[in-house]
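Written out below as structure tokens is the structure these notes cover.
Just so it is clear, none of the values below were taken in a lab; they were calculated from the coordinates. A quick note: this is a predicted structure, and the numbers were derived from the prediction, not measured. Note: ideal-geometry Cβ built from the backbone for every residue, glycine included; neighbour counts use all protein chains shown.
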Ligand SMILES: Cc1cc2nc3c(=O)[nH]c(=O)nc-3n(C[C@H](O)[C@H](O)[C@H](O)COP(=O)(O)OP(=O)(O)OC[C@H]3O[C@@H](n4cnc5c(N)ncnc54)[C@H](O)[C@@H]3O)c2cc1C
């Protein structure tokens, strides 16, 4: 298939890009790595009147840790492969580093961008869940100004975010994790590189007594977008890590937090089973990495 006809623009600054988006009043789409948008256009599932290609805007590609324990900041056009290979990411957001190899295949990660993945908001994608678990903040710019959207308000539904049609996602900021935090990512896919049947991104923080002070568990492929398992987090709150606790939290995630779809890839029951098991395993690793005692 070939895409429907479209106009094509190659801005070299963010100001130029947002001006083009504003001029086309919702009929234009930003083009990042093109790994999701171009196939959608070829199948005529997307028919933008214009593409605003972001690939010639160098100011959108960077990864750095802000000084004095500040956030890890990632430009929207940073390639997924650059994130995967970054020592800065490995130190500041190891959950992200752990999840990256699960995103598609190296060829796709060479082109696919961090901003494109979160703006696309596929419920089966890894980065939306990872950014939700890490409480990322998304910086968006339009001709009328700039705003910051917390991850909890960014993902709105199936392939839908809080971005307005004339807004460009410019940066993703990951706050510094408190001391005694641990993380883990786990997923099951039919083949490595396929979209996950179910995945889990978990971040936990221990208090001084070794009890759970905070837990954020985001699940993949179980709803219209990444799903935060708040019921599972309640099971963990104030508790000392144990195998029984992880099992109870996994069961809460699978039965009370999610309402997974049944499709050609997996049934609802199978997705619930995967969610329970993967949540339990991810929590066990996350608590261990947080410096918790070995579970009793
Ligand atoms: C075979 C295959 C397998 C894949 N498997 C996986 C997988 O397992 N896991 C996974 O997570 N992904 C997977 N992907 C998707 C891949 O990660 C894409 O790269 C990603 O979803 C989109 O990123 P992109 O940079 O290519 O964005 P594009 O395709 O260019 O854009 C995607 C959408 O985001 C919008 N957009 C892009 N950048 C911005 C911005 N800065 N501001 C506002 N809107 C913007 C575009 O307008 C478009 O609507 C797969 C893709 C393919 C082709």
### Query
Looking at the square roots a ≥ b ≥ c of the eigenvalues of the Cα gyration tensor of segment 57-139, which shape do they give, rounded for a/c under 1.5, prolate if a/b is larger than b/c, or oblate?
rounded
### Summary
Listed residues 74, 38, 258; largest mean-square fluctuation, Gaussian network over the chain with Cα springs below 10 Å, found at 38
### Message
Over the chain, with a Gaussian network built from C-alpha contacts below 10 Å, which listed residue (151, 162, 232) shows the highest mean-square fluctuation?
### Response
162
### Task
Express in whole angstrom the spacing between the alpha-carbon centres of segment 144-173 and segment 46-102.
16 Å
### Cα gyration tensor category, rounded, prolate or oblate, for segment 158-296 with a/c compared to 1.5
oblate
### Query
Where does the chain land at 222 nm, in deg cm²/dmol rounded to the nearest 500, when only DSSP H runs of n ≥ 4 count, each adding -39500 (n - 2.57), divided by all residues?
-9000 deg cm²/dmol
#### Entry: Most mobile listed residue (81, 64, 56) in the chain, GNM with C-alpha springs under 10 Å
56
### Query
Using Cα pairs under 8 angstrom and six or more residues apart, how large is the relative contact order of segment 200-259, in percent?
30 percent
### Task
Ratio to report: Rg/Rh of segment 35-105, with Cα atoms as the point set and Rh obtained by the Kirkwood method; give two decimals.
1.08
### Task
For the chain, list log₁₀ I(q)/I(0) at each q in 0.11, 0.13 Å⁻¹, using the Debye formula over Cα point scatterers of equal strength and ignoring solvent, two decimals each.
-0.64, -0.88
### For the chain: relative contact order, % (alpha-carbon pairs under 8 angstrom, 6 or more apart)
15 percent
### Message
Using the alpha carbons of segment 215-296, what is the convex hull volume per residue in cubic angstrom, as a whole number?
### Response
79 Å³
### With Cα atoms, 0 to 90° folded angle of helix 243-252 axis to the chain main axis
50 degrees
### Message
Classify segment 1-62 from the C-alpha gyration tensor, please: rounded if a/c falls under 1.5, else prolate or oblate depending on whether a/b exceeds b/c.
### Response
oblate
### Message
If neighbour count is taken as other Cβ atoms inside 10 Å, put 271, 191, 44 in order from fewest to most.
### Response
191, 44, 271
### Query
Gap in Å between the Cα centre of segment 182-238 and the Cα centre of segment 24-43?
31 Å
### Message
Show me, bin by bin at 10 Å from 0, the whole-percent P(r) of segment 94-144 based on Cα pairs.
### Response
23, 55, 19, 4
### Summary
The simple spin-label model distance between residue 4 and residue 255, using points 7 Å out along Cα→Cβ, in nm, is 4.8 nm
#### Entry: Alpha-carbon Rg with Dmax, taken over segment 72-115, Å
9.5, 25
### Cα-Cα separations in segment 50-90 greater than 14 Å, expressed as whole percent
52 percent
### Task
For segment 1-144, count all C-alpha to C-alpha pairs, find those more than 25 Å apart, and express that count as a whole percent of the total.
30 percent
#### Entry: Relative pair counts by distance (%), Cα atoms of segment 106-202, 10 Å bins
15, 44, 32, 9, 0
